[in-house]
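Chemist: Here it is, the structure, as structure tokens.
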Amino acid sequence: MFPLPSAGQGEGEGVTSTLYHEENSMYSDIVTEHFKNPHNAGEMADADGVGDDSNPVCGDTMRLFIKVSDDRIVKASFLTRGCGAAIAASSMTTDMLRGLSLQDAARITNKDVANALGGLPGSKLHCSVLAEGVIRKALEDYHKRSQS
Amino acid sequence: MAKSLIYLDHAATTAVAPRVLEAMLPYFSQVYGNPSSIYSFAQEAHKAVDDSRDKVAKVLGCRPAELIFTSGGSESDNTALKGVAFAASQWGKHIITSSVEHHAVLHTCQYLEKFGFEVTYLPVDRYGMVDPQEVEKAITDQTILVSIMLANNEVGTVQPVSDIAKVIKVKSKQIGHGVSFHTDAVQGAGALDINVDKLGVDLLSLSSHKFYGPKGMGVLYVRRGAPFVPQQAGGAQERYRRAGTENVPGIVGTAVALEIAAGQLESNAAHCRTLRDRLIEGIQSRISHVHLNGHPTRRLANNANFSFEFVEGESILLGLDFEGIAASSGSACTSASLEPSHVLMAMGVPTDTAHGSLRLTVGVDNTEAEIDRVLEVLPGIVERLRALSPMTSSPSR
């Protein structure tokens, strides 16, 4: 009989158990960490600006809340329905915004968010585009509120 | 820290069974002759292919000569549809299929449309079922081929294939020429009876790695007399219907795997059904705003497919992955296209709900303890994601 290195081990038709590690090879460690422990998640009752955006195709939906004092973002939080990349991008965005002047916040691009996350898979770059979208909309909302 | 994997994605692929692997191994480097060669050493490989064909024929209840070994389910589907369409175009250029077929069928239909074939994509009900009466209504004197899957790969709905076959027979007599009936049985094999006469089909596709056989191997059954033009030329293999040196170990593995699957059909289905129902009941009792996708009873024994409102499927998969649980989703975010599952869309599942879908497909090696582990961690994963979701406060239904 032909020698069998591993087949037939264990009982019956049993498959040899496979080991796994607590990381996901599709995403960077930074994305994984922000997905597992998102920063600044939740609604902000006293927000000065709120931005909503969604991708009509993939269905991801983000809401960004900002608190502004002396033309500076002092606090940001988010609510997101989306994939791991969308949640991580939201979390990263709130970190990036904190302490920024309104002018600097307006200059954040989708690439900045993706880079801060240690890169995103090509098919997930649209999540960082969504992050840029909510920043813009939250700033617009703030300016509109402060004018009225 | 390494933990052991809980594999609940058997509709995606399965592990090669130890007995299958054992049967395959000699044909890689010991009995490596080309079955087309004359000398006795190669005839050993030839005999292995013949014996394997006999075994598969026995399970399907067909003649060995009606079988073509292929590179998998996708090739079988492509070859079936193109093979019939181009051979039967003298009688008409109309094809009927359903809107929930695998892309191997749907994209082949789109390809055939470029060659002047007209395709009717039948709707399904909210459980994903095709109505045989809709098939009957769609058949015209131009119809040459109907392709309806045996069971759906995403939601597990089992189609009334033998009823559709009866309708086609009656109609084809009325229109005065044959209408070939193909079924993609890729998900059905190992879970359902795939006897071709009982099903009433003229062509049937199988994929070996769905029933504990090797990847890169499939089977296409073509009933004797069915119109068929080969899609791969260049040799006399498979009776000139599929050129290329045979994948001997793959063919041997396919036959052994199918033989085991057929022999254990009832016991495997019973085992899977118990685990599946434990999952369905457990999830529905522990988590709110969850919908079971697919048919409540006419579904594959191993398939549980849910939609969780307010959350996105990929994020659930990621949460499960960190717990060592492998599952799948029809969510847009798990595909390169970003579009949500065409199956859930065809069933009329609202887009927002479709985005939160999760498919768990159990297998022969899963245990109740593994299911209980899923029931232990999944509610927390969904709850955590819902806490992050802007939609939680405004239920969509």
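Chemist: For the stretch B:236-255, which positions are open to solvent by 20 Å² or more (accessible area, probe 1.4 Å) and not aromatic (F, W, Y)? I'd like the intermediate steps shown before the answer.
Modeler: Going through the stretch B:236-255, the residues open to solvent by 20 Å² or more (accessible area, probe 1.4 Å) turn out to be B:236-237, B:239-242, B:244-247.
Across the stretch B:236-255, the qualifying residues are B:A236, B:Q237, B:R239, B:R241, B:R242, B:G244, B:T245, B:E246, B:N247.
Chemist: Still on this structure, please answer the following. With open to solvent by less than 10 Å² (accessible area, probe 1.4 Å), of a type in the set (S, T, N, Q) and not in a loop (DSSP other than H, G, I, E, B) as the only criterion, which of B:T120, B:T97 stands out? Write out each step before concluding.
Modeler: On the way: B:T120 fails: open to solvent by less than 10 Å² (accessible area, probe 1.4 Å).
It is B:T97.
Chemist: If B:A2 satisfies all but one of (1) within 10 Å of chain A (Cβ to nearest Cβ); (2) open to solvent by less than 60 Å² (accessible area, probe 1.4 Å); (3) at pLDDT 95 or above, what's the number of the condition it fails?
Modeler: It fails just one condition, (3).
Chemist: Please find, among B:N303, B:N268, the residue that is under 20 Å from B:V158 (Cβ atoms), away from every other protein chain (no Cβ under 14 Å) and not basic (K, R).
Modeler: On the way: B:N268 fails: away from every other protein chain (no Cβ under 14 Å).
Only one candidate qualifies: B:N303.
Chemist: Under 7 Å between Cβ atoms, which residue pairs at least 6 apart in sequence (or on different chains) link something in the stretch A:74-85 that is within 8 Å of chain B (Cβ to nearest Cβ) and open to solvent by 10 Å² or more (accessible area, probe 1.4 Å) with a partner that is among the hydroxyl-bearing types (S, T, Y) and not in a strand (DSSP E or B)?
Modeler: A:L79/B:S389
Chemist: Another question, then. Taking into account only those residues within the stretch B:14-43 that are among the hydroxyl-bearing types (S, T, Y) and within 12 Å of chain A (Cβ to nearest Cβ), which is most open to solvent (accessible area, probe 1.4 Å)?
Modeler: Taking the stretch B:14-43 as the starting set, the residues that turn out to be among the hydroxyl-bearing types (S, T, Y) are B:14, B:27, B:29, B:32, B:36-37, B:39-40.
Those left that are additionally within 12 Å of chain A (Cβ to nearest Cβ): B:14, B:27, B:29.
Working: B:T14: 5, B:Y27: 53, B:S29: 79 Å².
The residue in question is B:S29.
Chemist: For the stretch B:172-250, please list each of the strands (runs of 3 or more DSSP E) lying entirely inside it that holds at least 2 residues being within 30 Å of B:S89 (Cβ to Cβ) and modelled with pLDDT under 95. Show your work before the answer.
Modeler: Values: elements: B:180-184, B:203-207, B:218-222.
Correct list: empty, since no element meets the threshold.
Chemist: Hey, another quick one. With the requirement that a residue be surrounded by fewer than 19 Cβ atoms within 10 Å (Cβ to Cβ) and more than 11 Å from chain A (Cβ to nearest Cβ), what does the stretch B:343-392 give you?
Modeler: The answer is B:M345, B:G348, B:E368, B:A369, B:D372, B:R373, B:L375, B:E376, B:V377, B:P379, B:G380, B:E383.
Chemist: Another one. Which residue pairs have Cβ atoms closer than 7 Å, lie 6 or more positions apart in sequence or on different chains, and pair a first residue in the stretch B:296-316 that is free of Cβ contacts under 8 Å to residues at least 40 places away in the same chain with a second residue that is open to solvent by 10 Å² or more (accessible area, probe 1.4 Å) and outside any helix (DSSP H, G or I)?
Modeler: B:E314/B:S329
Chemist: Given the structure, is B:L320 within 26 Å of B:C272 (Cα to Cα), buried (at least 19 other Cβ atoms within 10 Å of the Cβ) and at pLDDT 95 or above?
Modeler: Details: within 26 Å of B:C272 (Cα to Cα): yes; buried (at least 19 other Cβ atoms within 10 Å of the Cβ): yes; at pLDDT 95 or above: yes.
For B:L320, the condition - within 26 Å of B:C272 (Cα to Cα), buried (at least 19 other Cβ atoms within 10 Å of the Cβ) and at pLDDT 95 or above - is met.
The values are calculated or read from the model by the stated rules, or taken from the named source; none is laboratory data. Everything numeric in this text was worked out from a predicted model, so none of it was measured. Cβ atoms come from the backbone with ideal geometry, glycine included; neighbour counts cover every protein chain shown. The area values use the complete protein model at the heavy-atom level, side chains included, leaving out ligands, DNA and RNA. Shrake-Rupley method; radii C 1.70, N 1.55, O 1.52, S 1.80 Å.
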